[in-house]
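Have a look at the structure below before the remarks.
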Amino acid sequence: MKLPREELCQVLSLQSFVAQSHDVFASLLAPGERFIGVYLNESDDFFLLTDIGLHYIKGEIARFVPFTSLAAIELNVSPELVLRLKDGSKVTIQVRNFTEECADILVVKSFLESVLKFLEVPQHSEIGKISNAEDLKRFLVTYRGLPSDLVLRSLAGALASEELPEILARAGIARSFSSEPQLWQALAVLLTCRSGESLKAELSGLEASLPISNNQPISPDDGKLAEPSIETLSLLDEGCLRVLADAIEAVKQAGLGVLTAEYLLFSLARAYPDSVRESFGESFDIQKLKRSLPKENEAKSYAGGKAIFYSRTTVAVLEQARSLSLTEGDGRISATDLAFAAQIILEKAYS
């Protein structure tokens, strides 16, 4: 199971969460450990989030909690979270602040619980019930640790194929071996097991997921100019390329020279309304967004020119979408990635 997108996005968008590294943070990290961000209670009370665990620092005391050591997450007297570890010990951390009147501690707890679920090993009793391809298919359909829906559809279809015995035989696997329950049980374990390394792979790249300097969502677009990386633009899938092209054309027709995040979101909402509503909520109002689109006298105008520039916030949305695609998907930026990225950067300004 991929780490739930919603939990990741919520942690990244907390007002007290900052994705800027610092030399004092770097000194706490092991070789190869990647910094994601820091949650600040006070200047001497904070925790670092990395791709392998959590560093809690309070005063002169520092404690590292690897994700793989977690056994349970408990909500103590607010604002304390109790991290129970597999060795029987526990670490208590504080998450004191609020974002839009909602307690940050609930968001952090939800994220850590999603990490636990990601690393959860299937019960022996569940594996023991598997004796053939049909059993494995049924197990994978119901097991919450499956890598992705795409894998599920592809693998479940292959397992249901009447040609499966012949396919195995062509691969040099004896028909008698394919009837052994342990073959299918071993496949179930291999397909659902997770390790610290696989979790690290899921979290890699998040240290750059909030490109705005102070990591606070900007709403509305401030109009300052920036330039997206060529690599990010090359990762846009066909649908997102059309969305970007439509947004640029709308900017030209409006007599503007700057592609603001409002125009990008409007183009996305017209092409993929379901993805935008999934991110922003059912209350999302495309007409309200349309009325907010910058007009020629509200933004830098380059009417008649061929060059279209990108606003800083538009670039932030694109870079955020790229990070989400690397974390949650196949590396291609989809409409869903763009919608969730816009939600993070624009902070539901148009809901």
Tell me which residues, restricted to the range 232-258, are crowded, with 23+ Cβ neighbours inside 10 Å, over 22 Å from Asp330 (Cβ atoms) and either at pLDDT 90 or above or out of contact with any strand residue (DSSP E or B) (no Cβ under 9 Å at 6 or more places or on another chain) (or both).
Ala247, Leu256
Looking at Ser110, is it crowded, with 17+ Cβ neighbours inside 10 Å, in contact (Cβ under 8 Å) with a residue 60 or more places away in the chain and out of contact with any Ser or Thr (no Cβ under 9 Å at 6 or more places or on another chain)?
no
Residue match in the range 63-77 (condition: over 21 Å from Val18 (Cα atoms), part of a loop (DSSP other than H, G, I, E, B) and at pLDDT below 90)
yes
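Per-residue answers, yes or no, for (1) of a type in the set (Asp, Glu); (2) within 26 Å of Leu112 (Cβ to Cβ); (3) at pLDDT 80 or above:
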site: Ile130; (1), (2), (3): no, no, yes
site: Ala156; (1), (2), (3): no, no, no
site: Leu164; (1), (2), (3): no, no, no
site: Arg170; (1), (2), (3): no, no, yes
site: Ser176; (1), (2), (3): no, no, no
site: Val189; (1), (2), (3): no, yes, no
site: Arg194; (1), (2), (3): no, yes, no
site: Ser198; (1), (2), (3): no, yes, no
Might you check whether a residue that is modelled with pLDDT under 85, out of contact with any Pro (no Cβ under 9 Å at 6 or more places or on another chain) and surrounded by 20 or more Cβ atoms within 10 Å (Cβ to Cβ) occurs anywhere in the range 290-306?
yes
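The values are calculated or read from the model by the stated rules, or taken from the named source; none is laboratory data. Just so it is clear, the model here is predicted, and its values are computed rather than measured. Counting neighbours? That spans all protein chains shown, and the Cβs are built from the backbone with ideal geometry, glycine included.
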